[in-house]
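Below is one structure, written out as C-alpha cells; the observations come after it.
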Amino acid sequence: MFTQASTQLERGNFQGAIQDFSQVIELNPDYMEAYCERGLAYAFLGDYQEAIEGFRQAIEIDPNHVDAYARWGTALASVGDLQGAIEKFDETLRLAPNFLDAYYNRGLAHYSLNNHEQAVEDFTQVIQLEPALAQAYGRRGLAYYALSNRSAAISDLQQAATLFQQQGDRVGYQQTLDLIQIIQ
C-alpha cells in the first residue's frame with residue numbers, strides 16, 4: 001500500500017496519495033514515513049496546515065527524521081512563519097550538517113527577515129557544497145547588495161550569470177544581467 005501511495009505522489013495524484021497514505025497510517029499508526037509523505041502531498045496541494053501536522057507527527061515518531069524537519073521548515077516558510085522555518089532548518093542541519101536545501105531555504109528566510117549577514121553565511125555554505133548552483137550566487141549577491149557591499153554583489157551576480165549561461169538557462173542569465181545593470 002505504501003508503494004502504491006508513493007507512486008500516486010510521484011505521478012502528481014496528490015489526493016490519491018493522501019488517501020493511500022491515510023490507509024497505511026490506519027493499518028500502522030507508527031509508520032513515520034507515511035506521515036511525512038502524506039504531509040508532502042498536502043504541501044503540493046497548498047494545504048500547509050495539514051502538511052505541517054503530518055511533518056509534526058513524523059517527528060513525534062522519529063525525532064531524528066531529517067526530511068520531516070526540512071519539509072516542515074519549507075511549509076512554515078510558505079505560510080509566512082519565517083522564524084519557525086529557520087528553527088526547523090536549524091534542526092535539519094543539526095542532524096545533517098551538509099543538507100544543501102536546508103542552508104538554501106534558511107538563507108531565503110534570513111534574507112526575507114532582513115538578516116542579510118546570516119543569509120550570506122547560508123548561501124556561502126550552499127556554494128561550498130554545490131559550487132555550480134547559480135541561484136546561490138545570485139541570492140548571495142542580493143544579500144551582499146542589501147549589506148551595501150556593491151563589489152561583492154556584482155562579483156557574485158557575474159558568477160551567477162556565467163553559470164546560468166553555461167547551464168543554458170537563458171531566463172536566469174538575462175534576469176541576472178538585468179540585476180547587474182541596476183546595481184552598477
> For the range 48-72, which residues satisfy the criterion of being over 20 Å from residue 18 (Cα atoms) and within 13 Å of the chain's Cα centre (by Cα)?
Replying inline: 66
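Within the range 77-103, track down each residue that is of a type outside the set (A, V, I, L, M), under 24 Å from residue 146 (Cα atoms) and either open to solvent by 40 Å² or more (accessible area, probe 1.4 Å) or in contact with a Lys or Arg (Cβ under 6 Å, 6 or more places away or on another chain) (or both).
Kept after step one, since they are of a type outside the set (A, V, I, L, M), are these residues of the range 77-103: 78, 80-81, 83-84, 87-92, 94, 97-99, 101, 103.
The next check asks that each one be under 24 Å from residue 146 (Cα atoms); those that pass are 78, 80-81, 83-84, 87, 89-90, 101, 103.
Residues satisfying the conditions are 78, 80, 81, 83, 87, 89, 90, 101.
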> Does residue 118 fit the bill of being out of contact with any helix residue (DSSP H, G or I) (no Cβ under 8 Å at 6 or more places or on another chain) and not aliphatic (A, V, I, L, M)?
Replying inline: no
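Out of the helices (runs of 4 or more DSSP H) lying entirely within the range 36-109, which hold 2 or more residues that are closer than 25 Å to residue 139 by Cα?
66-78, 82-95
Taking residue 44, is it under 14 Å from the mean Cα position of the chain (by Cα) and over 27 Å from residue 145 (Cα atoms)? Write out each step before concluding.
On the way: under 14 Å from the mean Cα position of the chain (by Cα): yes; over 27 Å from residue 145 (Cα atoms): yes.
Spelling it out, residue 44 is indeed under 14 Å from the mean Cα position of the chain (by Cα) and over 27 Å from residue 145 (Cα atoms).
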>> So residue 118 ticks every box in (1) open to solvent by less than 60 Å² (accessible area, probe 1.4 Å); (2) modelled with pLDDT of 95 or more but one. Which box is left unticked?
In response: (1)
> Which condition does residue 176 not pass, out of (1) in a helix (DSSP H, G or I); (2) open to solvent by 30 Å² or more (accessible area, probe 1.4 Å); (3) among the hydroxyl-bearing types (Ser, Thr, Tyr), if it passes all the others?
Replying inline: (2)
> For residue 160, are the conditions met, namely being open to solvent by 20 Å² or more (accessible area, probe 1.4 Å) and among the aliphatic types (A, V, I, L, M)?
Replying inline: no
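Go through the range 9-30 and report how many residues are touching a Phe, Trp or Tyr at 6+ places or on another chain (Cβ under 7 Å) and open to solvent by 40 Å² or more (accessible area, probe 1.4 Å). Talk me through it step by step, then tell me what you get.
Let us first name the residues in the range 9-30 that are touching a Phe, Trp or Tyr at 6+ places or on another chain (Cβ under 7 Å), namely 14, 18, 24-25.
With the extra rule that they be open to solvent by 40 Å² or more (accessible area, probe 1.4 Å), the set shrinks to 14.
The qualifying residues number 1.
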> In the list 135, 158, 125, 165, which residue meets the criterion of being in a helix (DSSP H, G or I), more than 17 Å from residue 184 (Cα to Cα), at pLDDT 95 or above and more than 22 Å from the chain's Cα centre (by Cα)?
Replying inline: 165
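The values are calculated or read from the model by the stated rules, or taken from the named source; none is laboratory data. Just so it is clear, the model here is predicted, and its values are computed rather than measured. Counting neighbours? That spans all protein chains shown, and the Cβs are built from the backbone with ideal geometry, glycine included. The area values use the complete protein model at the heavy-atom level, side chains included, leaving out ligands, DNA and RNA. Shrake-Rupley method; radii C 1.70, N 1.55, O 1.52, S 1.80 Å.
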